[in-house]
Amino acid sequence: MKDMKKWKVAIVGCGDIAEHTYMPHMHRNVQAEVTACCDLKPERTALFQEQFGIKRAYSTVDELLANEDFEILMDTASIPAHYEINMKALKAGKHLYSQKPIGLSVEQATDMIETAKAAGLVFSASPIHMLRNDIREAKRIIDGGLIGKVTLARAMAAHGGPEYFQYRVNDPSWFYEPGAGALYDLGVHALHMVTGLLGPAREVSCTAAVSSPARLVRSGNFNGKPIESNKLFDNYLIHLNFGGGTIADIVTGFCVKATTAPSLEIYGEYGSIIFTDDPRNPLALYIDEPDRKIRGWIEPRPQERPEPEFFQCGCIADLINAIENRRPSGLPPEHARHVIDLICNIEQSAHDGQVHKLTTTF
Ligand SMILES: NC(=O)c1ccc[n+]([C@@H]2O[C@H](COP(=O)([O-])OP(=O)(O)OC[C@H]3O[C@@H](n4cnc5c(N)ncnc54)[C@H](O)[C@@H]3O)[C@@H](O)[C@H]2O)c1
């Protein structure tokens, strides 16, 4: 333990997720220390320095890269800024964890993946679902054949909009501007979970609508501010075809004020897996075993403890472990690229009404 290296991390984008999800828990990553922060808004870096004791602050990524000695860049900036920040980090030889989506096109994702590979850097891509115990347990159940061939998956990743309930310090209007939107912010979660469990999709189609073209911020510092939300779809019904008789249905958008629907359901020829969203009993499993004449529901007892409070910071623990053991990240950017491929084709299908074929895999 005495010789354990402490890796220097710089965080770029001192917004909502950095303040509330990562920074309060980063110190529990015994092998990581956030030594610098960076944001276009000086009031945000000032707050981070004061609240989290970060030594140095920068207002641009160029300034950070030119002046700070560190090894890992954590990109938690707004979605449209990711590609530029990520490319600069990789070109400067930094290992990288990027919030989702890592870029806005398959070409951008390939660019980053190849730059990281050529430089021998570990590149880890949000979201964190494939490191979750419940997702990994579901994957073990599926891969072990307990529910037979998967026939259908249903996923729901929707809420009432970032302006509705997230009590944001920053103005949430950017979520409704081109380069952002519900699909990139929220649909990405369901797409990652479903493809993470079932593998790459072959075809996609979508019906989408602008259902709430004008909104009012209902929480946080900008409470009461109107938002024009008519430029992007905010309500999506997505259909995926994996080939071999396996299909999936995904609901996503910023038009669901509240729901009790499970976030994910997987149906197989011999059973079902339902995500309960209860951290102590995260899965309900139905099995139908014709040979043993047993059918019914069980609550599989998790083999691992529920995720700790600081689980989201596990992305950095995984990244450091990958660097030290010369293995790929547990959150591979090739998976993220497939999801970006899906997102781009979903948008096109929503406009042209056609079924689109995917070109990427992972
Ligand atoms: N907030 C959440 O609950 C949440 C959850 C999951 C994922 N995310 C993701 O995290 C990312 C950030 O979201 P957020 O909610 O924290 O947004 P936010 O608007 O609160 O914060 C984004 C911050 O990035 C800064 N920024 C933008 N461009 C920059 C640049 N070029 N250089 C440096 N700083 C820059 C902005 O000034 C702002 O402070 C997005 O990818 C989002 O999808 C957020």
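Rule-based calculations on the coordinates, nothing more; no lab input. Since we're looking at a predicted model, the values are computed, not measured. In this analysis, Cβ positions are derived from the backbone assuming ideal geometry, glycine residues included, and neighbour counts consider all displayed protein chains.
Here the Karplus curve 6.51 cos²θ - 1.76 cosθ + 1.60, taken at θ = phi - 60°, turns the phi angles of the stretch 264-273 into couplings of 7, 9, 10, 10, x, 5, 10, x, 9, 10 Hz, with x standing for Gly and Pro.
Between Asp288 and Asn325, the contour length at 0.36 nm per residue exceeds the alpha carbon distance by 9.2 nm.
Measuring spread by the Cα atoms of the stretch 12-132 yields a radius of gyration and Dmax of 13.8, 39 Å. Listed by chain and number, the aspartates and glutamates whose alpha-carbon sits under 12 Å from that of Lys88, ignoring those within fewer than 8 places in the same chain, are Asp62, Glu63, Asp75, Asp111. Between the Cα long axis of helix 188-198 and the first principal axis of the chain there is an angle of about 50°, rounded to the nearest 10. Once both axes come from the Cα atoms, what is the angle between helix 133-143 and the longest principal axis of the chain, in degrees from 0 to 90, rounded to 10? Between the helix axis and the principal axis of the chain, the angle is about 40 degrees. Under a model in which nothing but the beta-carbon of Lys, Arg (+1) and Asp, Glu (-1) is charged, the chain shows a dipole of about 580 debye around its Cα centre. Short-range pairs are left out: with C-alpha atoms under 8 Å and at least six residues apart, the relative contact order of the stretch 26-78 is 31 percent.
Put the Cα centre of the stretch 127-170 next to the Cα centre of the stretch 262-341 and the gap is 8 Å. For Lys293, give me every one of the lysines with a C-alpha distance below 22 angstrom, ignoring sequence neighbours fewer than eight places off in its own chain. The reachable lysines, counting only those whose Cα sits under 22 Å from Lys293, are Lys149. Using θ = phi - 60° in the Karplus curve 6.51 cos²θ - 1.76 cosθ + 1.60, the 3J(HN,Hα) couplings for the stretch 76-92 round to 10, 7, 5, 3, x, 8, 4, 4, 5, 4, 5, 5, 4, 4, 5, 5, 8 Hz; x is entered for Gly and Pro. Of the cross-linked pairs Lys8/Lys139; Lys8/Lys55; Lys5/Lys94, those separated by over 23 Å at the C-alpha level are Lys8/Lys139. When every Cα-Cα distance of the stretch 90-196 is counted in 10 angstrom steps from zero, the calculated P(r) takes the values 12, 32, 32, 21, 3 percent. Seen from Met87, the other residues with C-beta closer than 15 Å to its C-beta sum to a net charge of -1, counting Lys and Arg as +1 and Asp and Glu as -1. Within the stretch 226-328, the GluC sites (Glu not before Pro) that combine a DSSP coil assignment with at most 10 other C-beta atoms in a 10 angstrom radius are Glu304, Glu309.
If N is the number of residues in the stretch 195-306, what value comes out of its Cα radius of gyration divided by 2.2 N^0.38 Å?
Values: Rg = 19.3 Å, N = 112, 2.2 N^0.38 = 13.2 Å.
Scaled against compact globular proteins, the figure is 1.46.
Cα centroids of the stretch 70-115 and the stretch 37-67: 18 Å apart. A DSSP coil position with no more than 10 other Cβ atoms inside 10 Å describes none of the GluC sites (Glu not before Pro) in the stretch 1-60. Derived value for the chain: Kirkwood hydrodynamic radius 21.4 Å. Basis is the mean of 1/r over every pair of different alpha-carbon atoms. For the stretch 218-265, a Kirkwood hydrodynamic radius built from all Cα pairs, placed in the Stokes-Einstein relation at 25 °C and 0.890 mPa s, yields a translational diffusion coefficient of 175 µm²/s. Residues considered: Ile346, Ile247, Ile287. Largest GNM mean-square fluctuation over the chain, using C-alpha springs under 10 Å, is found at Ile287.
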